[in-house]
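A.B. asks: The structure is given below, and queries will be raised subsequently.
The values are calculated or read from the model by the stated rules, or taken from the named source; none is laboratory data. What you are looking at is a predicted structure, and each value in this text was computed from that prediction instead of being measured. Here Cβ is always computed from backbone atoms with ideal geometry, including for glycine, and neighbour counts include all displayed protein chains. With ligands, DNA and RNA removed, areas are computed over all heavy atoms of the protein, side chains included. Shrake-Rupley method; radii C 1.70, N 1.55, O 1.52, S 1.80 Å.
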Amino acid sequence: MAAEPILVVLEDILHLSRQMLDDAKAASWPEFLALNDRRQEKIDWLIAQSWPADDWSPSEREKGAMWLAELMRYNTDIGKLAGDWHAELRTILTQARISSRISNTYAGNAK
């Protein structure tokens with residue numbers, strides 16, 4: 001496939017990744033998740049393409065490689081922040097389940 005459509009989508013993914021990282025840092029999780037859906041659609045399209053093609057120029061190959069490396073760094077940073085958030089949610093849900101069980105146990109004994 002020609003370089004231009006690939007590089008345009010890769011640049012879009014990078015832009016969305018930057019926004020997602022900012023949202024993760026600000027704990028703006030609804031916005032983060034909305035961007036993730038858009039980003040994943042573009043990533044899925046990108047994965048389905050064959051690139052770089054033989055007709056890509058050296059500068060196009062270099063740009064693609066640079067942007068892919070940048071995307072990997074964003075993914076690492078986003079993964080860390082999202083993983084921390086996921087762990088926090090798991091703790092909150094566990095505490096809520098325990099609280100609910102205790103409440104149900106005592107509510108049943110109060111009759």
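A.B. asks: Taking the Cα centre as origin and putting +1 on Lys and Arg beta-carbons and -1 on Asp and Glu beta-carbons, what dipole magnitude results for the chain, to the nearest 20 debye?
C.D. replies: 1020 debye
A.B. asks: Of all accessible surface on the chain at a 1.4 Å probe, what whole percent is carbon and sulfur?
C.D. replies: C and S fraction of accessible area: 56 percent.
A.B. asks: Under 27 Å between alpha carbons: how many lysine pairs meet that in the chain, if sequence neighbours fewer than 8 apart on the same chain are excluded?
C.D. replies: Total qualifying Lys-Lys pairs in the chain comes to 5.
A.B. asks: In the set (1) 14.8, 52; (2) 13.3, 40; (3) 21.4, 79, which value of Rg and Dmax of the Cα atoms in Å was calculated from the structure you see?
C.D. replies: (3)
A.B. asks: Report Leu68's accessible area, 1.4 Å probe, all protein chains in place, as a number in Å² to the nearest 10.
C.D. replies: 70 Å²
A.B. asks: So with the 1.4 Å probe, I'd like the accessible area per residue for the chain, rounded to whole Å².
C.D. replies: I get 69 Å² per residue for the chain.
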